[in-house]
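The values are calculated or read from the model by the stated rules, or taken from the named source; none is laboratory data. The model shown is predicted, which means the values in this text are computed figures rather than measured ones. Every residue, glycine among them, receives a Cβ derived from its backbone with ideal geometry; neighbour counts consider all protein chains shown. The area values use the complete protein model at the heavy-atom level, side chains included, leaving out ligands, DNA and RNA. Shrake-Rupley method; radii C 1.70, N 1.55, O 1.52, S 1.80 Å.
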Amino acid sequence: MIRRFLEQFDPRAKFMVLLTYLTLFFLPLPLFTVTGYLAAIVFMNLISLGPRGVIRPFLSILPILFLVLLLTPPFQREGEPFIVIGGHILVTTGGINEALRLIIRFSGITLLFYLFANTTNADLFITSFYRMGMPFNLVLVVTIAMRYIPHLTTLYREVTDAHSLRKGPDGTIRGFSPFRRVKALLPVLTSVLIQAIRQIPVLSMALECRGVGRRVKRSTYLELKNRAGVMADFSVSLLTILILLVPLIREVV
């Protein structure tokens, strides 16, 4: 029911909430407040898209989160010593807090775009902003980026499965060896790059069918909501934005 409500919601009003949420993740708010924002978007993904709506985007960025957790603390020297070996301070509490903040920020942004992309009709999104006077090419670029990134994630998963089946049980990498794992990852990334390049003609034909590059004014058969429906959606969005800004207002006051 929640997913149907989000799918029928006006894309322009939904985009306002998206921009507000993104801004909040980049503000220097306390770690507890940022964690609350992340918990809220995880809850929305869970009730709208189910467990897969949380697990899939999180798994797609898991290697990046691991690198952030591994590389960020040693370069942040603020705070109290957290890990000390031989009299040398390796990790501080400030480094741990900064790594957690980056992980929360990146996870929240990924889940936000995943929820928006899976509950927003691409054609309706383009039509809504095109009716507002925004350039068609600009809206189309944003839409393609939001759709193409999840597509690359799915393509990477399919190529990984294909390579694992080709290797068989004797081709698995045992033990923790970063060099061997990076070497084993190169064929997968090469296959993903080749598959992405091979899809360029299909994407080009799709753009031509949508009228990209033509000088004539575009027409559309999609019907947007009436004025009353749009005003109701914008009212809900403004109320949601005010609720999101409550912790920020409390910090300022």
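Please state which of the following conditions Gly95 fails to meet, knowing it meets all the rest: (1) surrounded by 19 or more Cβ atoms within 10 Å (Cβ to Cβ); (2) modelled with pLDDT of 85 or more.
(2)
Of the conditions (1) in contact with a strand residue (DSSP E or B) (Cβ under 8 Å, 6 or more places away or on another chain); (2) crowded, with 19+ Cβ neighbours inside 10 Å, Glu80 fails just one. Which one is it?
Of (1) in contact with a strand residue (DSSP E or B) (Cβ under 8 Å, 6 or more places away or on another chain); (2) crowded, with 19+ Cβ neighbours inside 10 Å, only one is false for Glu80: (2).
Looking at the stretch 221-234, I want the residues that are under 18 Å from Thr120 (Cα atoms) and have a partner that is modelled with pLDDT of 70 or more and open to solvent by 50 Å² or more (accessible area, probe 1.4 Å) with Cβ atoms under 7 Å, at least 6 apart or on another chain. Which pairs are those?
Leu222/Asp123; Leu224/Arg131
Between Arg166, Arg174, Arg147, Arg180, which is open to solvent by 70 Å² or more (accessible area, probe 1.4 Å), under 30 Å from Asp123 (Cβ atoms) and either modelled with pLDDT under 65 or not in a loop (DSSP other than H, G, I, E, B) (or both)?
On inspection, the qualifying residue turns out to be Arg147.
Scan the stretch 1-58 for residues that are among the acidic types (Asp, Glu) and open to solvent by less than 80 Å² (accessible area, probe 1.4 Å) and jot them down.
Across the stretch 1-58, the qualifying residue is only Asp10.
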